[in-house]
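The values are calculated or read from the model by the stated rules, or taken from the named source; none is laboratory data. Source: prediction; values computed, not measured. Neighbour counts run over all protein chains shown; Cβ positions are idealised from the backbone, glycine included.
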Amino acid sequence: MKIDRKQQIIAFVKQKNEVSAKEIVDLLGITESAVFRHLKTLIENDELAKTGTPPRVFYFINPKKILPQLPTLPDAQKSVIEFNFFMVTPQGNMLSGINAFGQWCADRNLDPIKTASEYMAIWEKYHAYKKDGLIDGKEKFKSAFAEIYLDDIYYLDFYALERFGKTKLGWLLLYAKQTQNKKMMEQIGTLAKPIINDLIQTKNIDAVGFIPATVKRKIQFQKELERILHLPLPKINLVKARNAVAVPQKSLAKLEDRVVNARATIFVDDDRQHKNILLIDDAVGSGATLNETAKKIKDKKLCAGKIIGLALTGSFKGFDVISEI
């Protein structure tokens, strides 16, 4: 009788929780190349997943195969959850939609039917702030700053929702930056691009500026976003000056300190005048950097029309410090 090597591997992984290719070779007594062929097929079929980089790679049962089964939800709830719910597990696996929601409820021993109704109520509360895919943050700026230099400010989404934690964009932005994950950056760009293109048309934008990062990383998120969006507009040259110690905005708790930091480190190295300018940032905590950048553009008389600010995510409760990213 022919031995089913793939089922042997799956049974072994279930027994050990996670295994290396060498352990499988030792178990089956077949060549390393044969083991890797089986592993490749099992991963392609979503039976197994792997983590690590050679030579330290470990294989485990794909979380998709052990997700809790959800009872049938009403179509309206299912549709909203499928499109919006997202999470990253402690093991580093990305789950989305109904699968993510089921895992989230199981982790907290919550009744998914009752919790789905509660999620819908909170989602509707937050979604009410959206119009044409954008959240208007102008009123929050008015309550925080003595003078606003942005003519309009929008977010694509809130960074987090009460009780349920980070939104899909919040999760993607956090881990795209922290893990330098280009695939997640591409996902963000795919979500953001159509909305940004609509905003450019609606507001007659004729130039764009990307707020530069303070923290040096091998892959800078804003540079990748600029590449992914590939906007056919002149780019305002914005520069982030670094002193002996680079002080990220996220490390400053006071709004006043954030204003001082932005004023002393962000500069506009450009002399071209435009009518309407769009400034893009990844996340709005205080909004100080966007506001001070707009001020410097206006001080140099580079904008004859309006300056529009856009953040991928923003805080719901005014200007909470988003310290993670």
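The set of residues in the range 51-76 that are touching a strand residue (DSSP E or B) at 6+ places or on another chain (Cβ under 8 Å), crowded, with 16+ Cβ neighbours inside 10 Å and at pLDDT 85 or above comprises 58, 59, 60. Quick one: would you say residue 83 is surrounded by fewer than 18 Cβ atoms within 10 Å (Cβ to Cβ), assigned to a helix (DSSP H, G or I) and among the aromatic types (Phe, Trp, Tyr)? For residue 83, the condition - surrounded by fewer than 18 Cβ atoms within 10 Å (Cβ to Cβ), assigned to a helix (DSSP H, G or I) and among the aromatic types (Phe, Trp, Tyr) - is met. Checked against (1) outside the structural domain of residue 191 (by TED's automatic domain parsing); (2) at pLDDT 90 or above, residue 152 passes all but condition (1).
Being farther than 22 Å from residue 181 by Cα, modelled with pLDDT under 90 and charged (D, E, K, R) is a property that residue 16 has. Do the conditions hold for residue 192, that is, is it out of contact with any helix residue (DSSP H, G or I) (no Cβ under 6 Å at 6 or more places or on another chain) and either part of a helix (DSSP H, G or I) or among the charged types (D, E, K, R) (or both)? So residue 192 fits the description; yes.
Considering the range 305-325, and only residues there that are at pLDDT 95 or above and in a loop (DSSP other than H, G, I, E, B), the residue that is surrounded by the most Cβ atoms within 10 Å (Cβ to Cβ) turns out to be 306. The number of residues in the range 237-295 being of a type in the set (A, V, I, L, M, F, W, C) and at pLDDT 65 or above comes to 18.
Between 198, 206, which is among the acidic types (Asp, Glu), surrounded by 15 or more Cβ atoms within 10 Å (Cβ to Cβ) and either touching a strand residue (DSSP E or B) at 6+ places or on another chain (Cβ under 6 Å) or in the same structural domain as residue 276 (by TED's automatic domain parsing) (or both)? None of the others qualify; the one that does is 206. Can you name the residue in the range 129-165 that is of a type in the set (Lys, Arg) and closer than 24 Å to residue 100 by Cα and, of all such residues, is surrounded by the fewest Cβ atoms within 10 Å (Cβ to Cβ)? Out of the qualifying residues, it is 163.
The conditions are (1) surrounded by 15 or more Cβ atoms within 10 Å (Cβ to Cβ); (2) in contact with a Lys or Arg (Cβ under 6 Å, 6 or more places away or on another chain), and residue 46 fails exactly one of them. Which is it? Evaluating residue 46 over (1) surrounded by 15 or more Cβ atoms within 10 Å (Cβ to Cβ); (2) in contact with a Lys or Arg (Cβ under 6 Å, 6 or more places away or on another chain) leaves (1) as the failure. When you check residue 98 against the structure, is it surrounded by fewer than 16 Cβ atoms within 10 Å (Cβ to Cβ), within 21 Å of the chain's Cα centre (by Cα) and part of a helix (DSSP H, G or I), yes or no? Answer is no for this residue. If only residues of the range 149-201 that are in contact (Cβ under 8 Å) with a residue 60 or more places away in the chain and among the β-branched types (Val, Ile, Thr) are counted, the one that is nearest to residue 119 (Cα to Cα) is 167. Condition (residue is in a loop (DSSP other than H, G, I, E, B), in the same structural domain as residue 192 (by TED's automatic domain parsing) and either modelled with pLDDT under 85 or among the aliphatic types (A, V, I, L, M) (or both)) applied to the range 108-125: is it met by at least one residue? Within the range 108-125, none of the residues are in a loop (DSSP other than H, G, I, E, B), in the same structural domain as residue 192 (by TED's automatic domain parsing) and either modelled with pLDDT under 85 or among the aliphatic types (A, V, I, L, M) (or both).
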